[in-house]
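What follows is one structure encoded as C-alpha cells, with my remarks underneath.
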Amino acid sequence: MSLTGTRKTKFGPRFIFRKTLAIGVFLLIWQIFPTLEIISPRTLPPLSEVLTRLWEISTNGELKVHIAISLKRALIGYFAAVFTAIPLGFLMVWSRKVNQFFNPIVQLFRNTSSLALYPVVLLLFGIGETAKLIIIFWTAAWPLLISVIDGVRAVDAIYVKAAKSMSISTVSLFFRVILPSTIPYIVTGLRISATRSMVALVAAEMLGASSGLGFLIFDTQHKDEIDKMYAAIITLISLGMLVNFGLASLEKKLTVWKRSAQI
Amino acid sequence: MGVERAVTRASLMSQSLTEAKTVRGSLRPIVKKVLRVLGDFLRSFAIIFIIIILWEIFPKFGWIDPFLLPAFSDVVSGFYTLLKTGEFFKHFNVSIIRISCGFFGGLALAIPLGVFMGWFKTFEEYVNPLVEACRNSSVLTLYPIFILLFGIGEQAKIAIIMWGTTWVVLLNTIAGVKNVDPVLIKSARSMGIRDLALLRKVVLPAAIPSIITGIRLGAANSILILIAAEMIGSNSGLGFMIFYFEARYAIPEMYAGVIFLALMGLTVHEILCRVENRLTAWHEKSIYFGT
C-alpha cells in the first residue's frame with residue numbers, strides 16, 4: 001500500500017519490478033549473510049531455514065491453533081470496541097457543551113498507552129482471557145472514538161444549516177446528513193484501530209498467556225528455537241499487513257468522492 | 001481543535017468588544033467575562049473533578065474493594081512518598097535517558113533520510129515498499145529479535161525505541177518533501193533558484209508541518225515502546241516500576257506510576273500539537289500517516 005504515491009501507477013512488469021526490488025534485496029541478504037556467516041546463523045537463521053520451519057509448523061497444525069486463538073481474541077476485542085465506540089462517539093458530540101464536558105477525559109485516555117494500564121487490568125481481572133480482551137478493547141476503542149468525533153465536527157455547517165432550513169427532523173438530520181459525511185472518518189478509524197489492536201494483541205499475549213502468536217514468539221525465544229520464532233514473527237507481520245492492506249483499500253474505495261472533492 | 005479554540009477566542013473577544021462599547025465604564029462586562037471564563041474552565045474540567053471525587057468516595061465507603069482501587073488521596077500520598085524517597089527519580093531518570101536516546105536518535109536518522117528520499121523520487125519509489133513493510137510490522141513483534149541481536153541491555157531498548165520512531169517520521173518527511181505545491185517550486189525555478197537553495201528555502205519550510213506531525217506520532221510510539229521494553233527483561237525504568245509495584249502489591253504506588261505515565265503522554269502530545277498548530281497556521285492542509 002503506497003500512501004505516499006501520488007503518481008498514477010500502472011500495473012506491468014516495470015511496476016512489479018519497482019515494488020518488489022527492495023524487498024527482494026532484503027530477503028536475499030537475509031539468505032546470504034547467515035549462510036556466509038557474516039551474521040551468526042544462531043541469531044539470524046537463513047531465510048530458507050525459516051521458511052521450511054514455517055511450512056512445517058503450518059502443515060502439522062501447530063500454527064493454526066495459535067492463529068485461531070489470536071484471531072479470536074483480536075476480533076472479540078475489536079468488535080466490542082467498534083460497537084461501543086462508534087455510538088458513544090456520536091453521543092459525545094451531540095452538542096458543544098457535551099463535547100466540552102467529555103473532551104478532557106478523551107484526551108487523557110487516548111494518550112495513555114495501553115501498556116501502562118496493563119498492570120491495573122491484571123490487578124482487576126487476573127491474567128485470564130478477560131484481561132487480554134480488555135486491553136485490546138481499550139486500545140481499539142480510542143482511535144475509533146476520536147475519528148467519529150473528528151468526523152462529526154468536520155461536517156460542513158452549510159449542509160446542516162440547509163437541512164435545518166428545510167425543517168428536517170433531528171433523526172433524519174443524523175441519518176441523512178451527519179452519518180454519511182462521517183463515514184470516511186469512521187473507515188479511517190476502523191483501519192487505525194485494527195492495526196492498533198494487533199499491537200495490543202501481541203502485548204497482551206507477551207505477558208501471561210499460554211497460547212496465541214504473541215506467546216509463540218516469546219516462548220520459542222526462551223526455548224532458543226530461533227527459526228521457529230522467526231516463522232511466528234513472519235506470520236504475525238503478514239497477518240497485520242493483510243488486515244491493514246484490506247482496510248486501506250476499503251478506505252480508498254469509500255473515500256473516492258472525498259478525495260476528488262479536495263483536489 | 002485548535003481552530004475551534006481560536007474561533008471561540010475570537011468570538012469571545014468580539015463579544016466583549018461590543019459589550020465594552022455599549023456599557024462602557026461599568027464593571028459588568030468584566031465580571032461577566034470572568035464568570036464566562038470560570039464557567040468554561042469548570043465545564044472543561046468538570047469530568048476530571050467528578051472522576052477524582054468518585055475515586056475518593058467509592059473506596060472510602062467500601063463500594064469498591066479499597067485494595068484493588070485505593071482512594072485517590074492514598075494514591076497521591078503514595079506518589080509523595082515515592083518522590084520523597086527518591087525511588088521515583090531513580091526510575092524516571094533511566095527512562096528519560098532511554099527514551100531521549102531512542103527518540104532523538106530516530107529523528108536524527110529519519111529526517112535527513114526522509115529529505116533525501118523525498119528529493120530523489122526514483123530512489124524513494126524503489127525503497128518505499130520496504131519502508132511501508134517496516135512501518136506496518138508491529139514493533140513489539142520484533143522485540144525478541146532486538147533482544148537476540150543486542151542482548152537485554154540498554155542497547156536493545158534504545159534500538160527498539162529508535163525503530164518505533166524512525167518509520168513514522170521517515171514516511172511523513174518523505175510525504176512532506178514530495179507533496180510541496182508544484183506552483184511554489186515552478187515559480188522559484190522560474191526565478192532561477194539553485195537546487196540547494198530550493199531545498200532550503202522552499203521545500204523544507206513547506207515540508208515542516210508534515211514532519212512535525214510525524215514527530216508527534218513518533219513520540220507517542222516511543223512512549224508505548226519504552227513501557228513495553230521495560231516490561232520485559234529490565235530492572236529499572238517507569239515501565240518496570242509499575243509492574244514491580246503490582247507484583248509487590250504496592251497498589252497506591254502502582255496507580256501513581258500509571259497516572260504519571262498517562263499525564264506524561266498527554267503533556268508530550270499537547271506540546272507537540274501546539275507546535276504543530278503554530279507552524280501550520282499558514283498551511284491548512286496537513287498529511288496524516290500514522291496510526
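Observations on the model:
- Here A:Tyr118 fulfils each of the conditions (1) within 13 Å of another protein chain (Cβ to nearest Cβ); (2) hydroxyl-bearing (Ser, Thr, Tyr); (3) more than 29 Å from B:Met264 (Cα to Cα) apart from (3).
- Residue match in region A:29-42 (condition: in contact with a Pro (Cβ under 7 Å, 6 or more places away or on another chain), of a type outside the set (Val, Ile, Thr), more than 30 Å from B:Leu42 (Cα to Cα) and not in a helix (DSSP H, G or I)): yes
- Extreme residue, surrounded by the fewest Cβ atoms within 10 Å (Cβ to Cβ), among residues of region A:209-231 that are of a type in the set (A, V, I, L, M, F, W, C) and out of contact with any Pro (no Cβ under 9 Å at 6 or more places or on another chain): A:Phe215
- One residue from A:Val50, A:Val65, A:Val25 being of a type outside the set (Ser, Thr, Tyr), surrounded by fewer than 18 Cβ atoms within 10 Å (Cβ to Cβ), in a helix (DSSP H, G or I) and in contact (Cβ under 8 Å) with a residue 60 or more places away in the chain: A:Val65
- Any hit, region A:166-186, residues being under 18 Å from A:Ile86 (Cα atoms), under 19 Å from the mean Cα position of the chain (by Cα), within 12 Å of chain B (Cβ to nearest Cβ) and in contact (Cβ under 8 Å) with a residue 24 or more places away in the chain: yes
- Listed by position, the helices (runs of 4 or more DSSP H) inside region B:188-291 whose residues that are away from chain A (no Cβ under 11 Å) and either surrounded by fewer than 20 Cβ atoms within 10 Å (Cβ to Cβ) or at pLDDT below 85 (or both) number at least 3 are B:195-198, B:204-231, B:251-279.
- Within region A:77-105, residues that are free of Cβ contacts under 8 Å to residues at least 24 places away in the same chain and closer than 23 Å to B:Gly265 by Cβ reach partners that are of a type in the set (S, T, N, Q) and surrounded by fewer than 17 Cβ atoms within 10 Å (Cβ to Cβ) with beta carbons closer than 9 Å, at six or more positions or on different chains, in the pairs A:Gln100/B:Ser44; A:Phe101/B:Ser44; A:Asn103/B:Ser44; A:Pro104/B:Ser44.
- Single unsatisfied condition, A:Ile192 versus (1) more than 10 Å from chain B (Cβ to nearest Cβ); (2) farther than 30 Å from A:Leu51 by Cβ: (1)
- Some residue of region A:100-120 being surrounded by fewer than 16 Cβ atoms within 10 Å (Cβ to Cβ), closer than 24 Å to B:Pro144 by Cα and aliphatic (A, V, I, L, M): no
- Condition met for A:Leu115 (without any contact (Cβ under 8 Å) to a residue 12 or more places away in the chain and within 30 Å of A:Glu205 (Cβ to Cβ)): no
- Set side by side, the residues A:Thr112, A:Thr130 differ, and just one is of a type in the set (Val, Ile, Thr) and assigned to a helix (DSSP H, G or I), which is A:Thr130.
- When region A:128-140 is filtered for residues that are within 11 Å of chain B (Cβ to nearest Cβ) and over 15 Å from the mean Cα position of the chain (by Cα), nothing remains.
- Within region B:151-180, being under 30 Å from B:Asp195 (Cα atoms) and out of contact with any helix residue (DSSP H, G or I) (no Cβ under 7 Å at 6 or more places or on another chain) holds for one residue alone: B:Asn179.
- Residues located in region A:161-208, provided they are part of a helix (DSSP H, G or I), surrounded by fewer than 20 Cβ atoms within 10 Å (Cβ to Cβ) and either outside the structural domain of A:Ser249 (by TED's automatic domain parsing) or among the small types (Gly, Ala, Ser) (or both): A:Ala162, A:Ala163, A:Ser165, A:Ser172, A:Ser181
- Residue tally, condition away from chain A (no Cβ under 12 Å), among the aromatic types (Phe, Trp, Tyr) and over 10 Å from B:Pro252 (Cβ atoms), over region B:46-79: 4
- Cβ separations smaller than 7 Å between residues 6+ apart or across chains give the following pairs from region A:219-245 residues that are facing another protein chain (nearest Cβ under 10 Å) to residues that are basic (Lys, Arg) and crowded, with 18+ Cβ neighbours inside 10 Å: A:Thr220/A:Lys228; A:Asn244/A:Arg191.
- Looking across region B:169-187, the residues that are within 12 Å of chain A (Cβ to nearest Cβ) and not in a loop (DSSP other than H, G, I, E, B) come down to B:Leu170, B:Leu171, B:Asn172, B:Thr173, B:Ile174, B:Ala175, B:Gly176, B:Val177, B:Lys178, B:Pro182.
The values are calculated or read from the model by the stated rules, or taken from the named source; none is laboratory data. Everything quoted here is computed from the prediction, not taken from an experiment. Positions of Cβ are backbone-derived with ideal geometry, glycine not excepted, and every protein chain shown enters the neighbour counts.
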